[in-house]
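Taking it in order: structure first as structure tokens, then the write-up.
The values are calculated or read from the model by the stated rules, or taken from the named source; none is laboratory data. What you see is a predicted model; the values in this text were computed from it and never measured. Virtual Cβ from ideal backbone geometry, glycine too; neighbours counted across all protein chains shown.
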Amino acid sequence: MMALAGCNTSALYQDNLYNPPVYWGTHVVKEGETLYRIAWRYGRDYRELGDANGISPPWNIRPGQVLRLDRKGTIRQTAQASRPTRPKTSPPPRTNAGSSISRPSAKPPAKVSTGRASGSQVVANVRWHWPHSGTVIAGFSSSGKVNKGIDIAGKPGDSVKAAADGSVVYAGNGLLGYGNLIIVNHNEHYLSAYAHNRKILVKEGEGVKAGQVIAELGNTGTDKPKLHFEIRKNGNPVDPSRYLPRR
């Protein structure tokens, strides 16, 4: 079994943006690494990788711990267990025959607005916004020249904004090919990433709101200023253009 740790990973993951998921070898946890970061590095879902190694919420790992990449875990759904229970309601009061007490008619559930007019779109219970207003210079591609997200042109120092409400699970430059990178967890299924930043303005564990400035656009890890933006569902890259509103 080959270990994927230390200098052995440099050549393999120099173009991390374009590599397929890894299901072989091992990874030795380094100081400061999180399961989110490691799973992203190898194209895996953090819950699946955790399950494969007997790790459960809150997904704590320790330096020196060896993670098996050749094992494939399962993604255990926990949303149902975390939902609040509905309060019990008393039955409607009985009335005598001939009474004129009226009962409110049942209303249909409210429809979720796409919010395109306000620059947002709700997909999979997440309200998505554009992280930057620049022109898309490279689209998502899963074949040929693979691109796990979209590249958006901009000037150094431009504001990079959170695409949706969430919590920062990674902020650093430890993933080759991404430069200064921010990863935001939105819910049980969705993460988004913002790469090549000049300056990171948020910290791991910090809650962010959609539209909040989280970084300054830059060219770390790439040859020109741009924002590389990804959305991943259950660890798998998906086309951001299907989630972001038309503009």
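Here are the numbers for this structure:
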{"quantity": "Output for the stretch 31-46, where each listed residue is of a type outside the set (Phe, Trp, Tyr) and touching a residue at least 40 places away in the same chain (Cβ under 8 Å)", "calculated": "Gly32, Glu33, Thr34, Arg37, Ala39, Arg41, Gly43, Arg44, Asp45"}
{"quantity": "Filter result (more than 16 Å from Ala163 (Cα to Cα), outside any strand (DSSP E or B) and of a type outside the set (Asp, Glu)) within the stretch 199-247", "calculated": "Lys203, Gly205, Asn219, Thr220, Gly221, Thr222, Lys224, Pro225, Asn234, Gly235"}
{"quantity": "Matching residues in the stretch 18-42 - criterion: being crowded, with 18+ Cβ neighbours inside 10 Å and either closer than 21 Å to His186 by Cα or among the hydroxyl-bearing types (Ser, Thr, Tyr) (or both)", "calculated": "Glu33, Thr34, Leu35, Tyr36, Arg37, Ile38, Ala39, Trp40, Arg41, Tyr42"}
{"quantity": "Within the stretch 170-183, tally of residues that are closer than 19 Å to Glu48 by Cβ and part of a strand (DSSP E or B)", "calculated": "2"}
{"quantity": "Filter result (modelled with pLDDT of 50 or more, touching a Lys or Arg at 6+ places or on another chain (Cβ under 9 Å) and outside any loop (DSSP other than H, G, I, E, B)) within the stretch 103-134", "calculated": "Ser120, Gln121, Val123, His129"}
{"quantity": "Residue tally, condition under 23 Å from Val184 (Cβ atoms) and polar (S, T, N, Q), over the stretch 43-75", "calculated": "2"}
